[in-house]
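Colleague: One structure follows; several queries about it will come next.
The values are calculated or read from the model by the stated rules, or taken from the named source; none is laboratory data. Small disclaimer: the values here were computed from a predicted structure and weren't measured. Counting neighbours? That spans all protein chains shown, and the Cβs are built from the backbone with ideal geometry, glycine included. All accessible areas refer to the heavy atoms of the entire protein, side chains included, with ligands and DNA or RNA removed. Shrake-Rupley method; radii C 1.70, N 1.55, O 1.52, S 1.80 Å.
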Amino acid sequence: MTPVGSQRDVYKPPVQKPAKPKVHTNPRLAEAEEFTDDAVLRAVHFDGTLLTGAAEILEMENSRLSNARFINASLRQSVLSDSEFDTVDFAGFRALEVSLLKCRVAMSRLTGSHWQSSHFTDVTVEGGRADMAHFRGSRLRRVVFQDVGLQQADFQGAELAHVTFEGCNLTGAQFANCKMSKVEFTNCTMLDIGGTAGLKGATVRGPGATELALSLARDAGILIEM
């Protein structure tokens, strides 16, 4: 008989999933020059566009970017909502205090991108690469990373709530000083994880659990000889 009060008697609410973005069904084709300071962009489509330069306090909603590239580009204190990013190159992109609300990022390249002190709410990232991406000090709520390459990604000091990593490669990722609530790692590669104490409260399933154990042992000063 299971003792009353054991973990098997405790109801654990499921991790909340992101809401889907409401993208306009027939957005207007937009020009690169419209991506600028104080712009308010609604129901637009940047298709194959090269976006450069720095923009502040930009708002974009109900929109789509496909096959677009950010070159030496940055955003500050901007809000991107109810939008989709399909095969977008964010490599080296810099974002400071940017909010992504109800967004989907599919098959895109976020290698080396910086999302400092940014907010991600109801965001799905599917496929693509985000190796060496920086999410330091950011807040992520109801976010899914699915089949994403997150090698050496940096989540130090981030707050994660209702976040799911599915089938991701997190080799060398950093989680020092994270705060986690309802965070799940399922069938991920979790070799050489840094800041393992920051994973407190997370649930790990699949082969990543064994791989993570090696990092936990290393941080505890335990030498494991096979």
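Colleague: Restricting to segment 71-84, give me the number of residues that are on the phi > 0 side of the Ramachandran plot, modelled with pLDDT of 95 or more, open to solvent by 60 Å² or more (accessible area, probe 1.4 Å) and not in a loop (DSSP other than H, G, I, E, B).
Modeller: Counting residues in segment 71-84 that are on the phi > 0 side of the Ramachandran plot, modelled with pLDDT of 95 or more, open to solvent by 60 Å² or more (accessible area, probe 1.4 Å) and not in a loop (DSSP other than H, G, I, E, B) gives 0.
Colleague: Do you know which of the residues in segment 148-179 that are surrounded by fewer than 20 Cβ atoms within 10 Å (Cβ to Cβ) and of a type in the set (A, V, I, L, M) is farthest from MET107 (Cα to Cα)?
Modeller: This residue is ALA176.
Colleague: Next question, about the same structure. Can you confirm whether segment 144-166 contains a residue that is more than 20 Å from VAL15 (Cβ to Cβ) and under 12 Å from the mean Cα position of the chain (by Cα)?
Modeller: Within segment 144-166, one or more residues are more than 20 Å from VAL15 (Cβ to Cβ) and under 12 Å from the mean Cα position of the chain (by Cα).
Colleague: Could you check, for segment 53-60, whether at least one of its residues is free of Cβ contacts under 8 Å to residues at least 60 places away in the same chain, touching a helix residue (DSSP H, G or I) at 6+ places or on another chain (Cβ under 6 Å) and at negative phi?
Modeller: Within segment 53-60 (the criterion being free of Cβ contacts under 8 Å to residues at least 60 places away in the same chain, touching a helix residue (DSSP H, G or I) at 6+ places or on another chain (Cβ under 6 Å) and at negative phi), the answer is no, since none of the residues qualifies.
Colleague: Can we say THR111 is surrounded by 17 or more Cβ atoms within 10 Å (Cβ to Cβ), in a loop (DSSP other than H, G, I, E, B), in contact with a Phe, Trp or Tyr (Cβ under 9 Å, 6 or more places away or on another chain) and of a type in the set (Val, Ile, Thr)?
Modeller: Yes; evaluated as a whole, the condition is true for this residue.
Colleague: What residue, of ASP82, ASP37, ASP86, is in contact with a strand residue (DSSP E or B) (Cβ under 8 Å, 6 or more places away or on another chain) and either farther than 24 Å from VAL144 by Cα or polar (S, T, N, Q) (or both)?
Modeller: Exactly one residue qualifies, and that residue is ASP37.
Colleague: Residues being touching a Gly at 6+ places or on another chain (Cβ under 8 Å), surrounded by fewer than 21 Cβ atoms within 10 Å (Cβ to Cβ) and in a strand (DSSP E or B): count how many of those fall in segment 54-70.
Modeller: So the count comes out to 1.
Colleague: Suppose the filter is open to solvent by less than 30 Å² (accessible area, probe 1.4 Å), out of contact with any Leu (no Cβ under 8 Å at 6 or more places or on another chain) and among the aliphatic types (A, V, I, L, M); does LEU51 pass it?
Modeller: It is true that LEU51 is open to solvent by less than 30 Å² (accessible area, probe 1.4 Å), out of contact with any Leu (no Cβ under 8 Å at 6 or more places or on another chain) and among the aliphatic types (A, V, I, L, M).
Colleague: Could you go through segment 25-40 and let me know if any residue there is part of a strand (DSSP E or B) and surrounded by 15 or more Cβ atoms within 10 Å (Cβ to Cβ).
Modeller: The answer is no; no qualifying residue exists.
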